[in-house]
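Here you go, one structure.
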Amino acid sequence: MKNFNLSTSNVFDERFEKFIKSRRAAKLEQKFKDRTFDERTKKFALVALILSAGCTLFSAFSAHFYLLNVFNALGSLTISIILTTIVIGCLEYGKRDTLPQFFKNWFQYKSFDTVNFSISFALMALSVGSSFLGSKLIPSQLAPNPALVSADSITEHYNQLKLANEQETTAYFEANNWKGRLDGTSRPTYNKLLNEKITLDNDLKIALSEAKTDNQTIITKHQQELAKQGVQLGYITLFSECLLILLIGFRELRDFRAISEFANIKNYESDNVKTEIVKATSSEDKSRKHENSEVRKHSKKPSEPTQSSTELKDTGINVTLLKGVVQCKHCKVDYVKNHHKQKYCNETCRKEAYEMRTGKKLYL
């Protein structure tokens, strides 16, 4: 029977030392490192910036075809170019200025900004309309003309055939005439040569008629193909405008998420409720005034430990009337919520919860 000697060394520590010095450990540490929302979405923000610039350039490029065509009625190319540049610049700048304001108010205050939305909608409608109509003109302006059957080449070809026939007829007459007249045996051949000239004239008329019909068919098909391509470009323009709205919204959401992680942004809904409570307070209702003043004092000191629901009841405040009162995720104490992402009653609870959750010491 064999004897087994157990090792007294810690194999786990040896593996840990080997692992901690490896490149994989460094990669995993970097992969699972805590990062802010702004850092996590940095690459997406760069892609969104490039795509939004591309959408803007495509919209301006397609719109200038339509606007330049409209302003050409003034008779001056220079004035048409200047007016087209001004109109496109105003439309694109207006969209870039009003859309971020609309999304900012939507994310920060959860309110529908009617003014900025109306202005943005009007500018988007003008931009989309001019871009869609201009996209239909792009194929006709940039596409080469179709290859048509040349009537001159057909005429020249048959003229050469008629000239050869005329030379052959003259040569045959000079070789077979006697005192300016042909004998009976040469007459059929000579008449055949003359009839070939008449046949060539008829063939020329038929070839020109067929060429005209073929050219008309080619032009019709070319126009239909250009119209189809124009509609497709128009739909691409509509898609680019919708994509531009989403990209601008994403960039504003990124800015809002980035600042909301580090700033104590007050909840617009809670402030609105408190304002309504103050307005609904009559001069005779002293207890309601006392409740509102206590709520304001309580909400202005988020760093201090807040009172529990029983303590609030002892002060005379009706907790059911306080919209935004929630329970702290760490100490289980009721508090007034100042931000829609707030989970803890104060900064101390937030730090302690983080340290308990991650096992790390938080230094700020």
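What trypsin sites (Lys or Arg not before Pro) in segment 21-70 are in a loop by DSSP, with at most 11 other Cβ atoms within 10 Å of the Cβ? Working shown, then result.
On the way: sites: 21, 23, 24, 27, 31, 33, 35, 40, 42, 43; in loops: 21, 33, 35.
Here the trypsin sites (Lys or Arg not before Pro) that fit, given the DSSP loop and packing criteria, are 21, 33, 35.
State, to one decimal in nm, how far the label point of residue 161 lies from the label point of residue 117, with both points 7 Å from Cα in the Cβ direction.
Roughly 7.4 nm, to one decimal.
Every number here is computed from the coordinates shown, using simple stated rules; none is lab data. Every value quoted in this text rests on a predicted model; they were computed, and no experiment measured them. Because the Cβ atoms are built from the backbone with ideal geometry, glycine has one as well, and the counts that use them run over all protein chains shown.
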